[in-house]
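So the structure is just underneath, and the comments pick up after that.
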Amino acid sequence: MGPAAITQIENISKIVSAVSLAIVIGQVSPALATSLLVAVFAVRYSLVKGLRASLTVMDEHIGARRRGRYLYDLVCTVGPAKEIRTFGLGEWIVDRFRTEMHKYHKSIFTLHHGMARREAWLLPVCLVISTLAFLWSALAAFHGLVPVKVMTSAVMAFAALCTTVQAGQEQVYITPARLALQALCRIERMAADGGEQAGAATLPGRECPPLIRFSGVCFGYERSAPVINGLDLEIRPGEVLAIVGVNGAGKTTLTKLLAGLYPPQEGQITADGVDIGTLDTRDWQSRLAIVFQDFVKYQLSLRENIALASPAHANDEEMIRAAIREAGASDLVDGLPKGWDTPLSRSLAGGIDLSGGQWQKVAIARALFAVRAGASVLVLDEPTAHLDIRAELAFFSQVIARVTGISVVLISHRLSTVRQADRIVLLEEGRVSESGTHEELLAMNGTYSEMFELQAARFRQMDPAGGGR
């Protein structure tokens with residue numbers, strides 16, 4: 001059933017009801033019944049048209065309302081408060097809020113004002129007709145021109161007929177629902193254009209990680225320069241692969257493509273020779289444990305923050321405890337007032353907030369929990385971005401070295417984090433420019449070597465007695 005059909009059904013029911021009432025009134029006067037029917041439907045059409053037009057305009061200008069709501073949240077929620085106060089952004093944000101909301105409400109006011117001017121005559125005319133109808137009915141009954149029983153039925157029918165003038169509660173629900181259904185249809189068309197998953201395949205077995213290949217992959221975010229440009233890369237089963245490069249080299253985009261969040265615009269990504277675009281998306285993603293650079297800080301307990309990676313194993317306390325231990329977060333649990341049942345948000349009763357490094361350990365523990373639940377490819381995007389120097393240096397031995405039997409992809413621009421990886425690839429302009437072990441890449445004396453020397457020089461300056469490579 002399409003969006004238009006919903007409104008048509010509702011309109012037909014109103015028409016049938018109104019015509020039936022008009023037939024009752026027609027026993028008194030066919031002319032009166034006809035004039036009342038026309039007047040009632042004219043007013044109803046105007047009101048319904050106005051409601052639909054208002055909701056359509058609201059839908060067209062929803063962007064301004066959404067921006068206004070976002071600006072409102074900026075000044076009324078805890079998270080952004082310290083930066084807004086520090087930079088003195090309060091007045092600027094309030095001015096922007098007023099501008100966006102004025103734009104939104106002005107569009108609706110302009111519509112209503114225009115409709116009111118065009119249809120100012122309609123309601124007075126219909127009111128006059130209704131008044132005359134009641135007067136005529138009363139006089140006809142008084143002079144005995146129409147039996148009182150018939151006249152009583154006609155008046156009651158007329159009163160019922162007038163209720164169809166109102167847009168009615170059904171329109172308040174149906175019209176927005178119709179717009180929502182139209183939006184859903186647009187989304188479904190867009191999803192269909194992006195490819196269907198009919199007959200999607202699944203990879204056999206989960207015992208071993210798959211051999212993943214990027215072959216001639218290109219991808220860009222609707223801009224002329226692609227972020228990934230002719231990428232050829234292998235993620236071999238069981239290896240620790242490090243992907244490094246400067247900001248904007250395409251490291252995080254590669255992760256999104258691997259997770260199936262975007263399809264390649266050119267080329268192919270395969271797992272054991274099967275294009276991941278033909279696989280069942282949920283099955284493929286369940287084989288991946290990914291810590292995104294902008295990981296989510298759930299306002300839930302520590303236990304729930306970790307167990308969300310595999311809700312089916314949420315009651316397995318040994319798995320949760322092991323994931324916390326492998327992520328190096330055992331000391332974090334010891335410092336929480338209620339242990340791993342402590343809510344991780346100050347907005348919740350008995351809750352506390354964590355530092356950036358602590359949150360990062362929680363995110364890593366969540367991914368390691370997914371590995372214990374069956375994921376065979378662990379992807380860590382900038383896993384030490386919030387860790388201090390000591391924690392960063394210990395990260396590989398404390399976390400990565402403990403994980404066995406799976407493929408690990410480390411994405412970073414801090415080379416001290418990844419130097420112990422089995423293989424390191426350097427991304428430049430969306431493709432692999434150098435590949436090898438840490439020692440092999442240093443021996444090449446290329447971009448990787450230059451980047452490593454630049455980063456190492458900072459530590460030598462802080463510690464003049466520091467060693468070399």
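Things worth noting here:
- Count - residues of the stretch 205-226 that are modelled with pLDDT of 75 or more and more than 26 Å from the chain's Cα centre (by Cα): 10
- Residue-level check: of (1) in a strand (DSSP E or B); (2) open to solvent by 70 Å² or more (accessible area, probe 1.4 Å), residue 290 misses just (2).
- Of the residues making up the stretch 338-352, those that are surrounded by 16 or more Cβ atoms within 10 Å (Cβ to Cβ) and among the small types (Gly, Ala, Ser) are 345, 351.
- Positions within the stretch 212-236 being open to solvent by 40 Å² or more (accessible area, probe 1.4 Å) and of a type outside the set (S, T, N, Q), in sequence order: 213, 221, 222, 223, 225, 226, 232, 234, 236
- Only residues that are surrounded by fewer than 18 Cβ atoms within 10 Å (Cβ to Cβ) and in contact with a Pro (Cβ under 6 Å, 6 or more places away or on another chain) were counted across the stretch 248-281, and they come to 2.
- Taken over the stretch 367-395, residues that are of a type in the set (D, E, K, R), open to solvent by 30 Å² or more (accessible area, probe 1.4 Å) and either modelled with pLDDT of 85 or more or under 26 Å from the mean Cα position of the chain (by Cα) (or both) amount to 1.
- Residue check for residue 422: surrounded by fewer than 20 Cβ atoms within 10 Å (Cβ to Cβ) and out of contact with any Cys (no Cβ under 6 Å at 6 or more places or on another chain): yes
- For the stretch 237-247, the candidate set comprises residues that are assigned to a loop (DSSP other than H, G, I, E, B) and in contact with a strand residue (DSSP E or B) (Cβ under 7 Å, 6 or more places away or on another chain); within that set, the residue that is most open to solvent (accessible area, probe 1.4 Å) is 237.
- As a summary of the residue check, residue 351 satisfies the conditions (1) touching a strand residue (DSSP E or B) at 6+ places or on another chain (Cβ under 6 Å); (2) within 15 Å of residue 209 (Cβ to Cβ) except for the one numbered (2).
- From the options 399, 432, residue that is buried (at least 17 other Cβ atoms within 10 Å of the Cβ), farther than 20 Å from residue 249 by Cα and touching a residue at least 40 places away in the same chain (Cβ under 8 Å): 399
- Out of 288, 336, sole residue that is closer than 18 Å to residue 383 by Cα and in contact with a Leu (Cβ under 9 Å, 6 or more places away or on another chain): 288
- Single unsatisfied condition, residue 281 versus (1) farther than 19 Å from residue 371 by Cα; (2) under 18 Å from the mean Cα position of the chain (by Cα): (1)
- Of 56, 86, all but one fail to be open to solvent by 60 Å² or more (accessible area, probe 1.4 Å) and either modelled with pLDDT of 80 or more or not aliphatic (A, V, I, L, M) (or both); the exception is 86.
- Here the condition is being among the polar types (S, T, N, Q), open to solvent by 30 Å² or more (accessible area, probe 1.4 Å) and over 19 Å from residue 400 (Cα atoms); of 355, 310, it holds for 355 alone.
The values are calculated or read from the model by the stated rules, or taken from the named source; none is laboratory data. This one's a predicted model, so the numbers in the text were calculated from it and none came from an experiment. Note that each Cβ is placed from the backbone with ideal geometry, even for glycine, and that neighbours are counted across all protein chains shown. In case anyone asks, the SASA skips ligands and DNA or RNA and just uses the protein heavy atoms, side chains included. Shrake-Rupley method; radii C 1.70, N 1.55, O 1.52, S 1.80 Å.
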